[in-house]
Amino acid sequence: MASITRSLRPVAFHLSAASRRSAAPWRSSQFQGRAFSATPVAQAKRYTKDHEWVEISEDGKTGVIGISDYAAHALGDVVYVELPTTPMEVEAGDAIGAVESVKSASDINAPITCTITAVNDLLEEKPGTINKGPEDEGSSGGWVAKVEVGEAGIKGLEELMDAKAYKEFTEDA
């Protein structure tokens, strides 16, 4: 979408310049100040105070869960990941797995109420993957689980932090 926005800017500039020459003075600002947004709110990652994240898909029915970059760096080299079983219905805050590193062990908690439908089996074979890309949702990333989300889960998103608030939270820690 960003490329579409960039390609529209020259057109908007030319249209704006043409309208200033031919239009009445009160219409000269017709194209000025238009902003385009390419990021739907529903797709923004949300974070917990326990350093888990969830990102809901555009359809609002599915999502992905993982631990944050901050948590992965704080843990150090991950040597073992315990993944949840599937399918598993969980409430926000329920333990769904664990991460063990050379420094410590920590539970992975569900950020929202949801049903776990798939897990990242790569983490059992190569637990260090979580250090390389804990917020990567691709096939070689460190995400933990894919989930189905109901109404309670969507409402639970409101209680979580967006990226900016989470960054401020971790800087204060």
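Tabulated data for the structure shown
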item	result
Relative contact order (%) - region 50-131, alpha-carbon pairs under 8 angstrom, separation at least six	31
Extended-chain gain in nm, criterion 0.36 nm per residue less alpha-carbon gap, Thr117 and Lys49	22.1 nm
Rounded accessible area of Thr85 (nearest 10 Å², 1.4 Å probe)	90
Length gained when the stretch Asp77-Glu151 is fully extended (0.36 nm per residue, less Cα-Cα span)	23.0 nm
Burial ranking of peptide ranges 96-104, 165-173, 46-54, 63-71 (average Cβ count within 10 Å, highest at the top)	63-71, 46-54, 96-104, 165-173
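The values are calculated or read from the model by the stated rules, or taken from the named source; none is laboratory data. Only a predicted model underlies this, so the values are computations on that prediction, with no experimental measurement involved. We place every Cβ from the backbone using ideal geometry, glycine too, and count neighbours over all the protein chains shown. These area figures cover heavy atoms from the full protein model, side chains too; ligands, DNA and RNA do not enter into them. Shrake-Rupley method; radii C 1.70, N 1.55, O 1.52, S 1.80 Å.
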